[in-house]
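Asker: Here it is: the structure, laid out below.
Quick note: the coordinates plus some simple rules give every number you see, no bench work behind them. Only a predicted model underlies this, so the values are computations on that prediction, with no experimental measurement involved. All Cβ positions, even for glycine, are placed from backbone atoms using ideal geometry, and neighbour counts span all protein chains on display.
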Amino acid sequence: MNNLERPIDGRILAGVCAGLAHRFGMKPWTVRVLFLLSCLLPGPQFIAYIAMWIIIPAEKPGVVRVA
């Protein structure tokens, strides 16, 4: 399995959705759309996003990722 990291390339805001997409083998835009749709429902989506931004480590510069 791939490690969960926020990538340097392909970030929109913090790279959380791109990191989750890479980890689970999905396209980043799919995860972004799912997140935006989940914001229509009541719940702590933004708090969870900020928590993941803090908890998920950023990708190290210069590391080549194999697809």
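Asker: If you work out Kirkwood radius over Cα pairs in Å from the coordinates, which of (1) 12.1; (2) 13.9; (3) 12.4 do you get?
Answerer: Identified label for the calculated read-out: (3).
Asker: Gaussian network model of the chain, Cα springs within a sub-10 Å range: biggest mean-square fluctuation belongs to which of Gly43, Gly15, Gly25?
Answerer: Gly43
Asker: Same structure again: Could you grab the relative contact order for the stretch 13-65? Cα pairs under 8 Å, six or more apart, rounded to a whole percent. It would help to have the intermediate numbers written out before the result.
Answerer: Numbers: 26 pairs, mean separation 16.0, N = 53.
Dividing the mean separation by the residue count of the stretch 13-65 yields 30 percent.
Asker: Could I ask something else about it? Per DSSP H run of at least 4 residues, take -39500 (n - 2.57); add these up for the chain, divide by its residues and hand me the 222 nm value, nearest 500 deg cm²/dmol. Mind showing how you got there, number by number?
Answerer: Numbers: 3 runs with 31 residues, N = 67.
Value at 222 nm, helices only, nearest 500: -13500 deg cm²/dmol.
Asker: Under a Cβ-Cβ cut-off of 15 Å, what is the net charge of the residues other than Tyr49 that fall near it, where Lys and Arg count +1 and Asp and Glu count -1?
Answerer: Numbers: positive: Arg6, Arg11, Arg32; negative: none.
Net charge around Tyr49: +3.
Asker: For Arg6, enumerate residues with amide H under 5 Å from its amide H, sequence gap 5+ or separate chain, H modeled in the peptide plane.
Answerer: Long-range HN contacts for Arg6: Ala58, Glu59.
Asker: Next up: Mind checking the dipole of the chain: about its Cα centre, +1 per Lys or Arg Cβ, -1 per Asp or Glu Cβ, Debye to the nearest 20? List each step's numbers first, then the result.
Answerer: Numbers: 7 positive and 3 negative charges, 17 e Å.
The calculated dipole for the chain is roughly 80 debye.
Asker: Count the net charge of all other residues whose Cβ sits under 14 Å from the Cβ of Ile12, scoring Lys and Arg as +1 and Asp and Glu as -1.
Answerer: Details: positive: Arg6, Arg11, Lys27, Arg32; negative: Asp9.
Every neighbour counted, the sum reads +3.
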